[in-house]
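The values are calculated or read from the model by the stated rules, or taken from the named source; none is laboratory data. Since we're looking at a predicted model, the values are computed, not measured. Cβ: placed from backbone, ideal geometry, glycine included. Neighbour counts: every protein chain shown.
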Amino acid sequence: MGVAIKVSLFDRARDWVTTLLPVGSLRKIDSTERDTLVELLEHGRPADRWLAAEALGNGDPGAIGAAALSKALADPDPMLSWEAGQALVRINSLIAYRMLMEALKGDNVAAQSTAAAVAGTMGPMPELKQALLAALDSPHAAVRQGAAASLVVQPNPDAFPVLLRALWSDPDPLAREAMARALGGFGDPAAYNALAARARDQGENPLVRQTAATALGRLAQPNMSGTPATD
């Protein structure tokens, strides 16, 4: 009997997901829908959990729904963690922001790395800038990578020297690749020179070299006086 009820619950949730996904507006999700989606998020099959996270973020799920998404940030399934982070960004409420900040400052690596990667799209906020700056020095490569990804969207001048140093010193190639991508957003001759050197370094990981070369295309080549060249 319990199994039949749960299957029926999941089937109804899928119907709601199909209805919610195309809407794209933050209508208030009623308590029945929300509770079903939260149940699906926590106990469904992987694909159903991803859809539930997306659906919760396409409406206003209230504090209960936001809390469920916050919990899902720490899930070992990276796709679910990512969907939960994206959902909290789309909700864009004060409580969603606070939950992303708590995850970013927390000690769960999965939640912290996802929060670091998505938080930059929430807009420039002093507390967020400082948290992302601190995340660049995390002992976990995934967190450093996520923070650099947010800095692509929201460049922070205070992060420039950290990114420049990490482009050479970070031991993880995926983190270095993220640093190179972020440096492409800074119109500083030092960024151009560092990226050019990385792109030419035959001992560097090919992905890092390719990203550094691509990032160079976003920068004007500096002239000998140290200022960007003009035509």
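Of all residue pairs spaced 6 or more apart or on separate chains, those with beta-carbon atoms under 7 Å, a first member in the range 21-44 that is closer than 17 Å to residue 83 by Cα and acidic (Asp, Glu) and a second member that is modelled with pLDDT of 90 or more and surrounded by 13 or more Cβ atoms within 10 Å (Cβ to Cβ) are 42/68.
Would you mind listing the helices (runs of 4 or more DSSP H) fully within the range 37-139 where at least 1 residues are hydroxyl-bearing (Ser, Thr, Tyr)? Before the answer, list the steps.
Details: elements: 46-57, 62-72, 78-91, 94-105, 109-119, 126-135.
In the range 37-139, the matching helices (runs of 4 or more DSSP H) lie at 62-72, 78-91, 94-105, 109-119.
Would you confirm, using the coordinates I've provided, whether residue 85 is more than 16 Å from the chain's Cα centre (by Cα) and either without any contact (Cβ under 8 Å) to a residue 24 or more places away in the chain or crowded, with 23+ Cβ neighbours inside 10 Å (or both)? First the steps, then the outcome.
Details: more than 16 Å from the chain's Cα centre (by Cα): no; either without any contact (Cβ under 8 Å) to a residue 24 or more places away in the chain or crowded, with 23+ Cβ neighbours inside 10 Å (or both): yes.
Against the criterion (more than 16 Å from the chain's Cα centre (by Cα) and either without any contact (Cβ under 8 Å) to a residue 24 or more places away in the chain or crowded, with 23+ Cβ neighbours inside 10 Å (or both)), residue 85 does not qualify.
Every condition in (1) modelled with pLDDT under 95; (2) closer than 22 Å to residue 110 by Cβ holds for residue 178 except the one numbered (1).
Scanning the range 153-168 for residues that are surrounded by fewer than 18 Cβ atoms within 10 Å (Cβ to Cβ) and touching a Lys or Arg at 6+ places or on another chain (Cβ under 9 Å) returns 158, 168.
Looking at residue 124, is it out of contact with any helix residue (DSSP H, G or I) (no Cβ under 7 Å at 6 or more places or on another chain) and free of Cβ contacts under 8 Å to residues at least 12 places away in the same chain?
Values: out of contact with any helix residue (DSSP H, G or I) (no Cβ under 7 Å at 6 or more places or on another chain): yes; free of Cβ contacts under 8 Å to residues at least 12 places away in the same chain: no.
Taking the combined requirement at face value, the residue does not satisfy it.
Among the criteria (1) without any contact (Cβ under 8 Å) to a residue 12 or more places away in the chain; (2) within 16 Å of residue 207 (Cβ to Cβ); (3) of a type outside the set (Phe, Trp, Tyr), the one residue 177 does not fulfil is (1).
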